[in-house]
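Below: one structure, written as C-alpha cells.
The values are calculated or read from the model by the stated rules, or taken from the named source; none is laboratory data. Here the structure is a predicted model, which means the values were calculated and not measured. Note: ideal-geometry Cβ built from the backbone for every residue, glycine included; neighbour counts use all protein chains shown. When the accessible area is computed, the model is the full protein with side chains, heavy atoms only, and any ligands, DNA or RNA have been set aside. Shrake-Rupley method; radii C 1.70, N 1.55, O 1.52, S 1.80 Å.
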Amino acid sequence: MGLFSKDMKTFDDLFVHTLRDIYYAENQILKALPTMIDKATDPTLKQGFEKHFKETQGQVQRLEKVFQLHGVEVSGVTCPAIDGIIEEAKEVADKNVLDAALIAASQAVEHYEITRYGTLVAWAELLGRKDCAALLRQNLEEEKATDEKLTSLAERSLNRKAA
C-alpha cells in the first residue's frame, strides 16, 4: 500500500502507514549497520556506527511502543527508498574513499529518517497523540544529533583523506 493507495482513507491511515514505513526502515538499518561497522576504517567512524546501532535498537523499541499506544499492530511496509539508499552504500569498493562514502550513505539515511520522524511528530500532535509524539520526537532528536556528528567527522578529516 503506497501513499496514494485507495486503502488510505483517513489521516490516521496515513499516520500508521508512515509509522510502518519508518519501522521497516529502522529494521533495515539494523541489518546494514554491522556491515558498515566492519567496513569502516576510521576508528571514530566505527565507534559512531556502533553507538548508532544501539540507538537504533532503542528507536525500534520506541516505535513499537507508539504502535502499542496507538492501538495498531506492529508491522512494517516495504520502503523502496531506504532499500535503495542502503544498496548504494554497498557499491563503494575503493578503500581510499570508503569512509567518506559510508558517511555520505549514512547521512542519506539520516535525512530520510529526519523527514519521516518530523512528519510523524507533527501528525501525532494533530491526531491528539502527544504520548506518541513525545516518543517520536526522541527518535527525531537522536537522528539529528547523529547527522551532526557525521557532518563534523566528514568535514574535520574523512573527506580530506578521501580527496
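Looking at (1) under 20 Å from ASN139 (Cα atoms); (2) part of a helix (DSSP H, G or I), can you tell me which one GLU88 breaks? Every listed condition holds for GLU88 apart from (1). Pairs needed: first member in region 66-78, touching a residue at least 24 places away in the same chain (Cβ under 8 Å); second member anywhere, among the hydroxyl-bearing types (Ser, Thr, Tyr) and open to solvent by less than 60 Å² (accessible area, probe 1.4 Å); C-beta distance under 7 Å; at least 6 residues apart or different chains. Listed by first residue and then by second, the contacts come to GLY76/TYR23; GLY76/TYR24; VAL77/TYR24; THR78/TYR24. Filtered by the rule that a residue be at pLDDT below 95 and within 17 Å of LEU19 (Cα to Cα), region 111-156 gives no residues.
Screening LYS54 with (1) within 12 Å of the chain's Cα centre (by Cα); (2) under 18 Å from LEU135 (Cα atoms) gives one miss only, at (1). Taken over region 28-45, the criterion of being touching a helix residue (DSSP H, G or I) at 6+ places or on another chain (Cβ under 9 Å) and open to solvent by 60 Å² or more (accessible area, probe 1.4 Å) is satisfied by LYS31, THR35, ASP38, LYS39, THR41, THR44. When region 57-83 is filtered for residues that are under 13 Å from the mean Cα position of the chain (by Cα), open to solvent by 30 Å² or more (accessible area, probe 1.4 Å) and not charged (D, E, K, R), the ones remaining, listed by number, are GLN57, ALA81.
In the condition set (1) over 18 Å from ASP12 (Cβ atoms); (2) open to solvent by 40 Å² or more (accessible area, probe 1.4 Å); (3) hydrophobic (A, V, I, L, M, F, W, C); (4) touching a helix residue (DSSP H, G or I) at 6+ places or on another chain (Cβ under 6 Å), TRP123 is compliant with all but (1).
Restricted to region 116-143, and to residues there that are touching a residue at least 60 places away in the same chain (Cβ under 8 Å) and aliphatic (A, V, I, L, M), the residue that is farthest from PHE67 (Cα to Cα) is LEU126.
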